[in-house]
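Chemist: Just dropping this structure here.
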Amino acid sequence: MDHLNAFLEPGMLVKHPDQPDWGLGQVQSNIDGRVTVNFREEGKVVLDGRVVTLIPVFEN
């Protein structure tokens, strides 16, 4: 079964649903369910995409 983060691609902007203080993050990579995101306030974080569903952010 595909995880909900499968569509995330490098460059996309996301937020972590349980860590709002991390601020906006930019996806760096998405390989085999492991999503690497560089968050403004937290820095680079590697997440298990099967456990955490990131929230995509669409800005103009």
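The values are calculated or read from the model by the stated rules, or taken from the named source; none is laboratory data. Here the structure is a predicted model, which is why all the values come from computation and not from measurement. Here Cβ is always computed from backbone atoms with ideal geometry, including for glycine, and neighbour counts include all displayed protein chains.
Chemist: Mind counting the residues in the range 48-57 that are more than 12 Å from Lys15 (Cα to Cα) and under 10 Å from the mean Cα position of the chain (by Cα)?
Modeler: 2
Chemist: Looking at the range 23-39, which of the residues that are crowded, with 17+ Cβ neighbours inside 10 Å and not β-branched (Val, Ile, Thr) is nearest to the chain's Cα centre (by Cα)?
Modeler: The selected residue is Gly25.
Chemist: Now a separate question. Which of (1) at pLDDT 95 or above; (2) in contact with a His (Cβ under 7 Å, 6 or more places away or on another chain) is the odd one out, the single condition Gly49 does not satisfy?
Modeler: For Gly49, the exception is condition (1).
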